[in-house]
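Novice: Mind having a look at this structure? Questions to follow.
The values are calculated or read from the model by the stated rules, or taken from the named source; none is laboratory data. Fair warning: this is a prediction, and the values are worked out from it, not measured in the lab. Every residue, glycine among them, receives a Cβ derived from its backbone with ideal geometry; neighbour counts consider all protein chains shown.
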Amino acid sequence: MSSAPRRILVIGMGAGDPDHLTLAAVKAMRRADVFFVLGKGPEKSALTDLRRDILDTHVPGSYRLVSAEDPWRDRTRDDDPGYTSAVHDWRRRRADICERLIRDELAPGECGAFLVWGDPALYDSTLGILDDIGARGAVLIDYEVIPGISSVSTLAARHRITLNQVGRPVHLTPGRRLAEGLPHDDGDVIVMLDAHQSFTRLAGEELWIYWGAYLGTPDEILVSGRLSEVADRIVALRAEARARHGWIMDTYLLRICP
(Lines give C-alpha, C1' and ligand atoms only; values in the text may rest on other atoms or scores of the structure.)
Protein backbone atom coordinates (compact mmCIF):
# COMPACT_ATOMS: atom_id res chain seq x y z
CA MET A 1 0.00 0.00 0.00
CA SER A 2 1.35 3.43 -0.97
CA SER A 3 2.32 5.79 1.85
CA ALA A 4 1.98 8.84 -0.41
CA PRO A 5 -0.55 11.34 0.92
CA ARG A 6 -3.65 12.23 -1.02
CA ARG A 7 -3.19 15.84 -2.11
CA ILE A 8 -6.10 18.25 -1.67
CA LEU A 9 -6.52 21.71 -3.20
CA VAL A 10 -8.94 24.10 -1.48
CA ILE A 11 -9.67 26.61 -4.23
CA GLY A 12 -11.42 29.91 -3.67
CA MET A 13 -13.62 30.31 -6.74
CA GLY A 14 -15.08 33.74 -6.13
CA ALA A 15 -18.70 34.71 -5.58
CA GLY A 16 -20.01 33.13 -8.78
CA ASP A 17 -18.61 34.90 -11.82
CA PRO A 18 -16.26 32.53 -13.75
CA ASP A 19 -14.15 35.58 -14.62
CA HIS A 20 -13.41 36.16 -10.93
CA LEU A 21 -11.12 33.16 -10.64
CA THR A 22 -7.49 34.11 -10.16
CA LEU A 23 -4.80 32.73 -12.45
CA ALA A 24 -3.54 30.71 -9.47
CA ALA A 25 -7.01 29.19 -9.03
CA VAL A 26 -7.24 28.26 -12.71
CA LYS A 27 -3.81 26.61 -12.62
CA ALA A 28 -4.80 24.70 -9.48
CA MET A 29 -8.05 23.47 -11.03
CA ARG A 30 -6.10 22.07 -13.97
CA ARG A 31 -3.92 20.06 -11.56
CA ALA A 32 -6.84 18.22 -9.98
CA ASP A 33 -7.69 14.60 -10.80
CA VAL A 34 -11.14 14.87 -9.19
CA PHE A 35 -13.43 17.59 -7.85
CA PHE A 36 -15.50 17.00 -4.71
CA VAL A 37 -18.92 18.65 -4.30
CA LEU A 38 -21.36 18.47 -1.41
CA GLY A 39 -24.80 19.08 -2.91
CA LYS A 40 -27.48 21.12 -1.17
CA GLY A 41 -30.52 19.28 -2.52
CA PRO A 42 -32.73 19.88 -5.58
CA GLU A 43 -33.79 23.37 -4.48
CA LYS A 44 -30.14 24.50 -4.51
CA SER A 45 -29.01 22.64 -7.62
CA ALA A 46 -28.07 25.99 -9.15
CA LEU A 47 -25.08 26.08 -6.80
CA THR A 48 -23.75 22.86 -8.31
CA ASP A 49 -24.57 24.17 -11.79
CA LEU A 50 -22.46 27.26 -11.12
CA ARG A 51 -19.53 25.05 -10.16
CA ARG A 52 -19.96 23.09 -13.39
CA ASP A 53 -20.05 26.35 -15.37
CA ILE A 54 -16.78 27.42 -13.76
CA LEU A 55 -15.17 24.04 -14.48
CA ASP A 56 -16.43 24.07 -18.08
CA THR A 57 -14.98 27.55 -18.53
CA HIS A 58 -11.55 26.92 -17.07
CA VAL A 59 -10.74 23.19 -17.25
CA PRO A 60 -10.03 22.00 -20.80
CA GLY A 61 -11.41 18.62 -21.80
CA SER A 62 -13.32 16.34 -19.47
CA TYR A 63 -13.04 16.37 -15.70
CA ARG A 64 -14.20 14.05 -12.92
CA LEU A 65 -16.79 15.33 -10.46
CA VAL A 66 -17.76 13.33 -7.37
CA SER A 67 -20.69 14.53 -5.31
CA ALA A 68 -22.48 13.63 -2.09
CA GLU A 69 -25.39 15.15 -0.22
CA ASP A 70 -24.49 17.77 2.36
CA PRO A 71 -25.72 16.63 5.80
CA TRP A 72 -28.75 18.32 7.29
CA ARG A 73 -28.12 21.06 9.83
CA ASP A 74 -30.52 22.19 12.55
CA ARG A 75 -30.91 25.89 11.71
CA THR A 76 -33.67 26.38 14.28
CA ARG A 77 -30.88 26.75 16.83
CA ASP A 78 -29.13 29.66 15.10
CA ASP A 79 -30.29 32.19 17.70
CA ASP A 80 -29.90 30.24 20.94
CA PRO A 81 -27.04 28.84 23.05
CA GLY A 82 -27.18 25.59 21.08
CA TYR A 83 -25.81 27.24 17.95
CA THR A 84 -22.16 26.31 18.51
CA SER A 85 -22.91 22.67 19.32
CA ALA A 86 -25.23 22.42 16.29
CA VAL A 87 -22.47 23.72 14.01
CA HIS A 88 -19.85 21.39 15.49
CA ASP A 89 -22.18 18.41 15.02
CA TRP A 90 -22.84 19.41 11.40
CA ARG A 91 -19.13 19.83 10.71
CA ARG A 92 -18.36 16.40 12.22
CA ARG A 93 -20.90 14.75 9.93
CA ARG A 94 -19.53 16.74 6.99
CA ALA A 95 -16.04 15.51 7.85
CA ASP A 96 -17.31 11.91 7.85
CA ILE A 97 -18.60 12.36 4.30
CA CYS A 98 -15.50 14.15 3.02
CA GLU A 99 -13.21 11.54 4.57
CA ARG A 100 -15.14 8.78 2.78
CA LEU A 101 -15.01 10.62 -0.56
CA ILE A 102 -11.27 11.24 -0.28
CA ARG A 103 -10.58 7.65 0.79
CA ASP A 104 -12.78 5.96 -1.83
CA GLU A 105 -12.47 8.30 -4.81
CA LEU A 106 -8.87 9.51 -4.61
CA ALA A 107 -5.87 7.19 -4.76
CA PRO A 108 -2.69 7.92 -2.75
CA GLY A 109 -0.57 10.41 -4.68
CA GLU A 110 -3.54 11.77 -6.65
CA CYS A 111 -4.86 15.32 -6.35
CA GLY A 112 -8.43 16.23 -5.42
CA ALA A 113 -10.03 19.67 -5.13
CA PHE A 114 -12.82 21.43 -3.28
CA LEU A 115 -14.19 24.56 -4.95
CA VAL A 116 -15.10 26.99 -2.18
CA TRP A 117 -17.40 29.98 -2.62
CA GLY A 118 -15.54 33.25 -2.20
CA ASP A 119 -12.40 32.76 -0.13
CA PRO A 120 -11.68 29.61 1.96
CA ALA A 121 -10.49 31.73 4.91
CA LEU A 122 -13.76 33.64 5.32
CA TYR A 123 -16.70 31.89 7.02
CA ASP A 124 -16.16 28.53 5.36
CA SER A 125 -15.80 25.14 7.07
CA THR A 126 -13.57 23.31 4.55
CA LEU A 127 -10.22 24.01 6.21
CA GLY A 128 -11.49 22.98 9.63
CA ILE A 129 -12.96 19.79 8.18
CA LEU A 130 -9.67 18.86 6.50
CA ASP A 131 -7.82 19.48 9.77
CA ASP A 132 -10.30 17.16 11.47
CA ILE A 133 -9.76 14.44 8.84
CA GLY A 134 -6.00 14.77 9.14
CA ALA A 135 -6.17 14.51 12.93
CA ARG A 136 -8.18 11.28 12.72
CA GLY A 137 -5.24 9.62 10.97
CA ALA A 138 -7.28 7.14 8.92
CA VAL A 139 -6.47 8.90 5.62
CA LEU A 140 -3.14 10.59 4.98
CA ILE A 141 -3.75 13.98 3.35
CA ASP A 142 -1.80 17.11 2.52
CA TYR A 143 -3.65 20.23 1.46
CA GLU A 144 -2.96 23.58 -0.17
CA VAL A 145 -5.14 26.70 -0.04
CA ILE A 146 -5.66 28.99 -3.02
CA PRO A 147 -7.34 32.27 -2.01
CA GLY A 148 -10.29 33.66 -3.93
CA ILE A 149 -12.26 36.86 -4.45
CA SER A 150 -14.76 37.04 -1.60
CA SER A 151 -18.36 38.23 -1.72
CA VAL A 152 -17.20 41.11 0.47
CA SER A 153 -14.75 42.31 -2.20
CA THR A 154 -17.38 41.78 -4.88
CA LEU A 155 -19.94 43.79 -2.89
CA ALA A 156 -17.57 46.75 -2.63
CA ALA A 157 -16.72 46.58 -6.33
CA ARG A 158 -20.35 46.39 -7.42
CA HIS A 159 -21.29 49.40 -5.29
CA ARG A 160 -18.07 51.24 -6.24
CA ILE A 161 -17.11 51.87 -2.62
CA THR A 162 -14.19 51.17 -0.32
CA LEU A 163 -14.82 48.89 2.63
CA ASN A 164 -13.11 51.30 5.02
CA GLN A 165 -13.15 55.02 5.59
CA VAL A 166 -9.95 56.96 6.23
CA GLY A 167 -8.34 55.97 9.51
CA ARG A 168 -11.38 53.99 10.71
CA PRO A 169 -11.81 50.26 11.38
CA VAL A 170 -13.94 47.71 9.59
CA HIS A 171 -15.77 44.98 11.49
CA LEU A 172 -16.74 41.65 9.96
CA THR A 173 -19.52 39.70 11.63
CA PRO A 174 -22.16 37.03 11.02
CA GLY A 175 -25.70 38.37 11.12
CA ARG A 176 -26.61 36.55 14.35
CA ARG A 177 -24.08 38.69 16.26
CA LEU A 178 -25.66 41.89 14.97
CA ALA A 179 -28.57 41.25 17.34
CA GLU A 180 -26.20 42.35 20.12
CA GLY A 181 -25.95 45.77 18.50
CA LEU A 182 -23.31 47.67 16.57
CA PRO A 183 -19.67 47.74 17.74
CA HIS A 184 -18.96 50.53 20.22
CA ASP A 185 -16.88 52.71 17.92
CA ASP A 186 -17.33 54.54 14.64
CA GLY A 187 -16.22 51.76 12.30
CA ASP A 188 -18.21 50.27 9.46
CA VAL A 189 -19.72 46.77 9.71
CA ILE A 190 -19.70 44.05 7.06
CA VAL A 191 -22.38 41.44 7.69
CA MET A 192 -22.46 37.91 6.28
CA LEU A 193 -24.64 34.84 6.85
CA ASP A 194 -27.65 36.89 7.92
CA ALA A 195 -30.53 34.44 7.53
CA HIS A 196 -32.75 36.51 9.85
CA GLN A 197 -32.32 39.95 8.24
CA SER A 198 -30.85 41.43 11.40
CA PHE A 199 -30.47 44.83 9.74
CA THR A 200 -34.22 45.37 10.27
CA ARG A 201 -33.56 45.69 14.02
CA LEU A 202 -31.34 48.70 13.30
CA ALA A 203 -33.71 50.58 10.99
CA GLY A 204 -34.03 53.34 13.56
CA GLU A 205 -30.28 54.02 13.51
CA GLU A 206 -28.72 56.65 11.26
CA LEU A 207 -27.10 54.10 8.95
CA TRP A 208 -26.45 53.66 5.24
CA ILE A 209 -26.61 50.13 3.83
CA TYR A 210 -24.92 48.64 0.77
CA TRP A 211 -26.62 45.29 0.14
CA GLY A 212 -26.06 42.63 -2.50
CA ALA A 213 -27.41 39.14 -3.22
CA TYR A 214 -26.23 36.47 -5.69
CA LEU A 215 -23.13 38.59 -6.20
CA GLY A 216 -21.16 37.76 -9.32
CA THR A 217 -24.01 35.77 -10.89
CA PRO A 218 -26.61 36.67 -13.55
CA ASP A 219 -29.20 36.94 -10.75
CA GLU A 220 -27.29 39.64 -8.86
CA ILE A 221 -29.40 42.18 -6.93
CA LEU A 222 -28.02 45.43 -5.49
CA VAL A 223 -29.61 48.01 -3.18
CA SER A 224 -28.06 50.95 -1.38
CA GLY A 225 -29.46 53.84 0.61
CA ARG A 226 -30.44 55.08 4.05
CA LEU A 227 -31.36 51.96 6.02
CA SER A 228 -34.62 53.41 7.32
CA GLU A 229 -35.72 54.07 3.73
CA VAL A 230 -34.64 50.84 1.99
CA ALA A 231 -34.93 48.13 4.69
CA ASP A 232 -38.48 47.16 3.69
CA ARG A 233 -37.49 47.03 0.02
CA ILE A 234 -34.57 44.70 0.80
CA VAL A 235 -36.82 42.42 2.87
CA ALA A 236 -39.32 42.20 -0.01
CA LEU A 237 -36.64 41.60 -2.66
CA ARG A 238 -34.99 38.98 -0.50
CA ALA A 239 -38.24 37.08 0.06
CA GLU A 240 -39.15 37.20 -3.63
CA ALA A 241 -35.69 36.03 -4.73
CA ARG A 242 -35.58 33.21 -2.19
CA ALA A 243 -38.99 31.98 -3.29
CA ARG A 244 -37.92 32.07 -6.93
CA HIS A 245 -34.52 30.38 -6.55
CA GLY A 246 -35.00 28.27 -3.43
CA TRP A 247 -31.89 29.77 -1.80
CA ILE A 248 -30.17 33.09 -1.29
CA MET A 249 -26.68 34.29 -0.43
CA ASP A 250 -26.36 37.96 0.49
CA THR A 251 -23.87 40.31 2.11
CA TYR A 252 -24.06 43.92 3.19
CA LEU A 253 -22.10 46.81 4.66
CA LEU A 254 -23.51 49.20 7.27
CA ARG A 255 -22.03 52.69 7.49
CA ILE A 256 -22.88 55.56 9.82
CA CYS A 257 -24.59 58.25 7.76
CA PRO A 258 -22.41 61.31 7.17
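Novice: Only one of 203, 236 is farther than 21 Å from residue 160 by Cα, modelled with pLDDT under 95 and of a type in the set (A, V, I, L, M); which? Give the steps one after another, and end with the answer.
Specialist: Details: 236 fails: modelled with pLDDT under 95.
Step by step, each of 203, 236 is checked, and only 203 is farther than 21 Å from residue 160 by Cα, modelled with pLDDT under 95 and of a type in the set (A, V, I, L, M).
Novice: Also: Could you list all residues from region 94-119 that are within 20 Å of the chain's Cα centre (by Cα), within 19 Å of residue 67 (Cα to Cα) and crowded, with 17+ Cβ neighbours inside 10 Å? Lay out the reasoning, then the answer.
Specialist: Taking region 94-119 first, the residues within 20 Å of the chain's Cα centre (by Cα) are 94-95, 97-98, 112-119.
Filter once more, keeping what is within 19 Å of residue 67 (Cα to Cα): 94-95, 97-98, 112-117.
Matches in region 94-119: 94, 95, 98, 112, 113, 114, 115, 116, 117.
Novice: Now for a separate question. With under 30 Å from residue 82 (Cα atoms), small (Gly, Ala, Ser) and not assigned by TED's automatic domain parsing to the domain that holds residue 82 as the only criterion, which of 175, 167 stands out?
Specialist: Every option except 175 fails the conditions.
Novice: Going through region 103-118 one residue at a time, which ones are more than 22 Å from residue 51 (Cα to Cα) and in a loop (DSSP other than H, G, I, E, B)?
Specialist: If the condition is that a residue be more than 22 Å from residue 51 (Cα to Cα) and in a loop (DSSP other than H, G, I, E, B), then 107, 108, 109 are the ones that fit.
Novice: Of all residues in region 217-229, which are within 13 Å of residue 47 (Cα to Cα) and out of contact with any Leu (no Cβ under 9 Å at 6 or more places or on another chain)?
Specialist: Passing the criteria: 218, 219.
Novice: Given the conditions (1) on the phi < 0 side of the Ramachandran plot; (2) touching a Ser or Thr at 6+ places or on another chain (Cβ under 9 Å); (3) not aromatic (Phe, Trp, Tyr), and given that residue 222 satisfies all but one, which numbered condition is not satisfied?
Specialist: For residue 222, the failing item is (2).
Novice: Here's a follow-up. If you check residue 10 against the conditions, is it part of a helix (DSSP H, G or I), modelled with pLDDT of 90 or more and among the β-branched types (Val, Ile, Thr)? Talk me through it step by step, then tell me what you get.
Specialist: Details: part of a helix (DSSP H, G or I): no; modelled with pLDDT of 90 or more: yes; among the β-branched types (Val, Ile, Thr): yes.
No: the conditions fail for residue 10.
Novice: Going by the conditions given, is residue 130 at pLDDT 90 or above, part of a helix (DSSP H, G or I), surrounded by 21 or more Cβ atoms within 10 Å (Cβ to Cβ) and of a type outside the set (Asp, Glu)? Explain how you work it out, then say what you get.
Specialist: Details: at pLDDT 90 or above: yes; part of a helix (DSSP H, G or I): yes; surrounded by 21 or more Cβ atoms within 10 Å (Cβ to Cβ): yes; of a type outside the set (Asp, Glu): yes.
The answer is yes for residue 130.
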